[in-house]
Amino acid sequence: MKKTIDCMGMACPLPVVNAKKAFADFTEDGELTVLVDNETAVSNLKKLAASSGFAAEGTQTGEKAYAVAIQVKAGGPAAAAESAQAGPVVAIGSNTMGNGDEALGKALMKAFIFALTNATQLPQQIIFYNSGAYLPCEGSDSLEDLRNLEKAGVKITACGTCLNFYGLTEKLQVGTVSNMYDIVESLTQAPSVIRP
């Protein structure tokens, strides 16, 4: 079986998301070709293939045009889904990363969230609390990256108490409102927790 999907012009991580969905179409071994327009997408698709146990080869077919051929094995999608479920939970308790200069801290947090969209293994969930609740809300520089992560299957949640405290309840743009009970359940059941 051979299948080609056109992901030209799609922002990361959508080519990876679409490739994962296409894996499910393979009821027998075959080749999936993904068309993309940048080397980052090629690299991310190769990482996806490797994490799924598939071989992959990228070829430049023109200026800003690449084709990634993935040798898909039937049964691989289930393993890939299991791997995604085992991803870490990211708990973000501030709209800055680290201590020190506030402007630097905000730039670092924006870069961290963008880097998550390129991670080999996406987190299963991102929890925002305290001033971190600003990040999935109107005016945040990270909204596009968070929307892309949500489209890729990452659960985005924000603490309802925190949203209320900062007057952000009506400004939430990505994800859903959570509560402390759900936050504790997510953190205690996670295989690992990342706190940037």
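Annotations
- When the stretch 136-150 is limited to residues that are out of contact with any helix residue (DSSP H, G or I) (no Cβ under 8 Å at 6 or more places or on another chain) and of a type in the set (Asp, Glu), the one that is modelled with the lowest pLDDT turns out to be GLU150.
- Within the stretch 107-124, the set of residues being assigned to a helix (DSSP H, G or I) and surrounded by 19 or more Cβ atoms within 10 Å (Cβ to Cβ) comprises MET109, ILE113, LEU116.
- Answer residue from the stretch 129-157, given it is polar (S, T, N, Q) and within 20 Å of ARG195 (Cβ to Cβ) and is surrounded by the most Cβ atoms within 10 Å (Cβ to Cβ) among those: SER142
- Taking strands (runs of 3 or more DSSP E) as the structural unit, those lying wholly within the stretch 1-76 and holding at least 3 residues that are in contact with a Phe, Trp or Tyr (Cβ under 9 Å, 6 or more places away or on another chain) correspond to 30-36, 55-62, 65-72.
- Positions within the stretch 9-41 being touching a residue at least 24 places away in the same chain (Cβ under 8 Å) and basic (Lys, Arg), in sequence order: LYS20
- Residues that are surrounded by 15 or more Cβ atoms within 10 Å (Cβ to Cβ) and not small (Gly, Ala, Ser), drawn from the stretch 174-192: VAL174, VAL177, ASP182, ILE183
- Top-ranked residue in the stretch 135-150 [being touching a strand residue (DSSP E or B) at 6+ places or on another chain (Cβ under 8 Å) and part of a helix (DSSP H, G or I); ranked as farthest from GLY87 (Cα to Cα)]: LEU146
- Among residues of the stretch 47-70, those that are within 16 Å of LEU122 (Cβ to Cβ) and either without any contact (Cβ under 8 Å) to a residue 40 or more places away in the chain or aliphatic (A, V, I, L, M) (or both), counted: 4
- The single residue among GLY153, GLY167, GLY132 that is touching a helix residue (DSSP H, G or I) at 6+ places or on another chain (Cβ under 9 Å) and outside any helix (DSSP H, G or I) turns out to be GLY153.
The values are calculated or read from the model by the stated rules, or taken from the named source; none is laboratory data. Everything numeric in this text was worked out from a predicted model, so none of it was measured. Cβ coordinates were reconstructed from backbone atoms using ideal geometry, including for glycine residues, and neighbour counts include every protein chain displayed.
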